[in-house]
Structure formats: structure tokens, C-alpha cells
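The structure appears right after this line, and notes come after that.
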Amino acid sequence: MNHPAAVKRVWSLPDMLNIEWADGTLSEYASLWLRDNLREDRDPHSGQRLIDIADLPEDPRIRSAVAHNGAVNVEWETESRSAAFELEWLLAHASSRSDPRPEFTTRRWLEGASLNAARDFAWATFSEAQSDRSRRARWLTQLLQDGIAFLSNVPSNDAGILEAVALVGRVSETNYGQVFDVRSVPQPENLAYSDLGLGLHTDNPYREPVPGFQVLHALVASPDGGESLFGDGFAIAEHLRATFPDAFQVLTRTPVPFRYQSKDAELYAERPLIQLTCTGEVSAVHYNSRSIAPLRLAARDAGPFYSAYRRFAALLRDSRFHLQFSLRDGDLAVFNNQRTMHGRTAFSSARYPRHLRGCYLTRDSVYSEAALLRREFRPETHS
Ligand SMILES: [Fe+2]
């Protein structure tokens with residue numbers, strides 16, 4: 001079998017290097033892009049770039065490009081320096097290639113009601129996650145692909161959650177502290193701390209940044225009521241785009257103010273309910289009707305916004321999209337708080353006490369943990 005980076009043909013124009021790979025696919029590399037990526041222009045220890053664009057010629061013209069010994073040697077017309085680009089590196093950085101990092105592949109799951117939480121998502125026991133790094137690598141990758149994963153047998157004591165999340169990412173401390181307790185209290189300052197059922201939502205869209213991941217650890221599960229609900233906000237937003245494209249567009253363009261006020265915090269941020277990447281893919285959903293402040297909306301824009309908002313809300317209430325089940329004592333759910341929406345059914349704390357302990361993790365730390373473990377178990381995809 002041919003090596004993936006084997007080439008059939010290499011040729012150049014003054015402004016472009018062309019490679020035909022052994023499998024017949026073509027890649028193009030602009031001369032200026034190549035010139036911007038010389039290995040010698042990076043610090044050999046840190047890998048950080050020592051130059052910026054203002055140091056580069058505006059229009060470097062390629063004089064020759066020759067494949068030799070697993071690399072392409074490129075010479076430019078007006079420069080004495082030449083450069084060797086390894087074929088493996090060129091293949092990995094071809095613009096036509098999709099990102100090979102598995103944790104960046106999203107697996108959407110629209111109809112949560114047809115899924116089984118125990119069967120269809122990643123689970124590991126706390127001790128497996130602790131002792132088996134390969135298992136933890138797979139678990140983290142699945143967490144990032146599905147937007148949710150679970151641990152079981154996490155010690156049901158106050159510190160259990162922090163021991164467990166040390167295996168996942170870094171805690172993001174808020175005005176609630178490092179951790180918060182979800183249980184009913186009289187006159188709660190947040191309705192999460194009541195017996196009420198809560199529809200699908202994301203947490204804390206009034207923060208900057210919005211918490212990246214949320215963790216909920218069941219210390220005392222209720223045997224009656226208080227079931228957890230989860231929904232894939234990316235899949236539901238895409239369903240809205242497919243069925244009501246105008247409503248989808250309105251929700252991506254209307255800034256919505258979110259506010260939280262308590263005796264020790266005054267938090268405010270504006271963001272659309274559905275956020276897109278610069279290429280138009282859904283990158284985040286922010287939905288928490290409890291904390292939406294009055295929108296600054298021209299009267300003529302109110303109709304379209306409220307209509308779109310209502311459509312989205314109706315989808316979120318649709319039980320087809322709900323993964324509903326009971327966490328057991330010691331179970332711990334970790335989920336992408338900008339994607340996987342959560343809620344619960346009502347319960348009676350007078351009859352059965354229910355106590356979850358939660359915390360938030362920074363988004364980048366979870367991706368980093370997955371990538372660090374991948375270095376050990378999938379070195380070929382380490383870039
Ligand atoms: Fe919540």
C-alpha cells in the first residue's frame with residue numbers, strides 16, 4: 001500500500017506549489033503561505049513564530065520546487081534561502097483536508113427520546129477513568145463528540161466531584177464558588193434551587209465567557225421525580241434551520257441580553273440564542289429564559305424575533321428531543337454547556353430529598369486534556 005504522503009507529481013507556478021498525491025488527489029499551496037511557514041522562522045524550543053507578516057516579501061515568486069527524500073525543496077526568485085517542506089507536513093496542512101483531530105468531529109443526536117443513556121453514550125467508572133489512561137482518552141473524545149458523557153461510582157461525598165473533574169479539565173470558579181449545590185432551599189435566589197421542573201436550557205449565558213462544560217454529580221438521587229433531561233442543542237438548532245430557516249437566521253442575528261443579580265454578583269452579557277462560526281456552522285446555543293433581560297428591540301423587529309424564539313422554545317419542549325433518565329447516587333454527568341441543554345422534571349423535596357453538586361469547567365481545558373492523552377495513544381494524529 002502506498003504511504004499516504006507518497007507523491008505522483010510535484011510542480012510549481014511562481015505563486016503556487018502543486019502536488020498530486022499517489023491517490024490522485026491534488027493540493028495547492030500559495031507561495032506566500034509557504035514563505036510564512038518556514039520552520040527556521042520558528043523558535044526551535046517553543047515552536048512559536050519569530051516573525052510576522054510585515055517581515056515577509058509581499059509577492060515571493062517560486063523559482064523551483066523539487067521533491068526529494070520525503071520533502072519538497074522550494075527556492076524563491078529573489079531570495080538566497082530555500083526551504084524544505086516535509087511531505088507529511090504538507091499533506092497534514094492541505095487546505096482541502098478535514099481536521100483529523102477526532103475531538104473536533106461532532107456527532108449530533110436529535111431524537112434523544114429514542115436513545116438509551118446507559119447504552120448510547122460514554123460511561124466509565126471513576127476508578128477506570130482514574131487508572132486507565134487509554135480508557136479516559138476514549139471517554140474524553142466521546143464527551144467532545146457527543147457533547148455529554150458520564151462517570152459512575154464517583155465517591156458520594158462533598159469532595160467527590162472535584163476528584164473526578166481533575167480527570168476531565170479545570171474548574172472555572174464563579175460567584176457560586178468552585179462548586180454549587182443543587183437542592184431545594186426556601187426563597188431560592190436561583191430557581192434551580194427549588195422543586196420546580198426546569199425545561200431544557202444552558203447555564204449562565206450572562207457570564208463572559210459562558211461556562212464551557214458543566215458537571216452534575218448525584219449525591220442523593222430522588223426515587224420519584226427529579227429525572228434529568230438532556231437535549232442536543234446543535235441538533236435542535238439544525239432542525240430549526242432545516243424547518244424554519246428564517247426563524248433560524250433571526251436567532252443568529254438578534255443580540256439577547258442575559259442578566260443575573262444577587263447580593264454578591266451583577267452579571268450581564270449579550271449574545272444571540274444561536275451562535276455561528278465564521279463558516280456558518282452552529283458553534284453555541286445560549287438559552288435560559290429565566291435570565292433573559294428585556295431586549296432592546298425596535299417594535300418592527302419584535303414580531304419576527306418573538307416568532308422565531310417561540311419556534312425554538314417549542315422545539316425544546318418537544319419530548320422527542322429529550323434524553324430523560326434518572327441519575328443514580330454516585331453518577332456524574334459532564335456536558336458541553338454551550339451545546340448540550342439540560343433540565344429536569346419536578347420533584348418533592350419534602351418527600352424525597354434530592355441533592356446534586358455541580359461545577360463548571362473551562363472549555364479549552366477539556367479539549368486540552370483530550371489532546372494530551374491523544375498524544376500518548378494516537379501519536380499519528382498529533383499536530
Ligand atoms: Fe442549569
(Q) Looking only at residues that are in contact with a Leu (Cβ under 7 Å, 6 or more places away or on another chain) and of a type in the set (Val, Ile, Thr) in region 261-313, which one is farthest from Arg108 (Cα to Cα)? (A) Ile274
Q.
For the list (1) of a type outside the set (Lys, Arg); (2) over 22 Å from Ala192 (Cα atoms); (3) touching a Pro at 6+ places or on another chain (Cβ under 8 Å), I need the number of the one condition that Pro257 fails.
A. (2)
Q | Subset of region 340-355 that is charged (D, E, K, R) and outside any strand (DSSP E or B) - its residue that is nearest to the ligand (Cβ to nearest atom) | A | Arg354
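Give Arg39, Arg35, Arg61 a once-over and let me know the one that is open to solvent by less than 40 Å² (accessible area, probe 1.4 Å) and touching a residue at least 24 places away in the same chain (Cβ under 8 Å).
Residue meeting the stated conditions: Arg35.
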Q) away from the ligand (no atom under 15 Å from the Cβ) and either open to solvent by less than 60 Å² (accessible area, probe 1.4 Å) or touching a Ser or Thr at 6+ places or on another chain (Cβ under 7 Å) (or both) - does that describe any residue in region 356-365? A) yes
Q: Report those strands (runs of 3 or more DSSP E) wholly inside region 51-139 carrying at least 3 residues which are closer than 30 Å to Leu200 by Cβ and out of contact with any Pro (no Cβ under 9 Å at 6 or more places or on another chain).
A: 122-125
Q: For region 142-261, please list each of the helices (runs of 4 or more DSSP H) lying entirely inside it that holds at least 2 residues being away from the ligand (no atom under 16 Å from the Cβ), without any contact (Cβ under 8 Å) to a residue 40 or more places away in the chain and open to solvent by 10 Å² or more (accessible area, probe 1.4 Å).
A: 233-243, 245-253
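When region 314-327 is examined, which residues are found to be aliphatic (A, V, I, L, M), away from the ligand (no atom under 16 Å from the Cβ) and open to solvent by less than 30 Å² (accessible area, probe 1.4 Å)?
So in region 314-327, the residues aliphatic (A, V, I, L, M) come out as 314-316, 323, 327.
This time we only want the ones that are away from the ligand (no atom under 16 Å from the Cβ), so: 314-315.
Leu315, the sole residue that qualifies.
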Q.
Can you tell me which condition His45 does not meet? The list is (1) in a strand (DSSP E or B); (2) open to solvent by 40 Å² or more (accessible area, probe 1.4 Å); (3) not hydrophobic (A, V, I, L, M, F, W, C), and all the others hold.
A. (1)
Q. Of all the residues that make up region 8-25, how many are over 14 Å from Leu87 (Cβ atoms) and in a strand (DSSP E or B)?
A. 4
**Q.** Counted residues, region 87-110 - those being hydrophobic (A, V, I, L, M, F, W, C) and open to solvent by 70 Å² or more (accessible area, probe 1.4 Å)
**A.** 2
Q: Collect the residues in region 328-353 that are closer than 20 Å to Ala118 by Cβ and open to solvent by 20 Å² or more (accessible area, probe 1.4 Å), keeping them in residue-number order.
A: Arg328, Asp329, Thr345
Q. Out of all the residues in region 305-347, which are farther than 28 Å from Leu295 by Cα and among the charged types (D, E, K, R)?
A. Arg320, Arg328, Asp329, Asp331
Q. (1) more than 16 Å from the ligand (Cβ to nearest atom); (2) open to solvent by less than 70 Å² (accessible area, probe 1.4 Å): which one isn't true of Ile292, the others all being true?
A. (1)
Q | When residues of region 189-227 are limited to those that are of a type in the set (S, T, N, Q) and at pLDDT 95 or above, the one nearest to Ser152 (Cα to Cα) | A | Gln214
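The values are calculated or read from the model by the stated rules, or taken from the named source; none is laboratory data. The shown structure was predicted, so the numbers you read here are calculated from the model rather than taken from an experiment. Every residue, glycine among them, receives a Cβ derived from its backbone with ideal geometry; neighbour counts consider all protein chains shown. Surface areas here come from the heavy atoms of the whole protein model, side chains and all, with no ligands, DNA or RNA. Shrake-Rupley method; radii C 1.70, N 1.55, O 1.52, S 1.80 Å.
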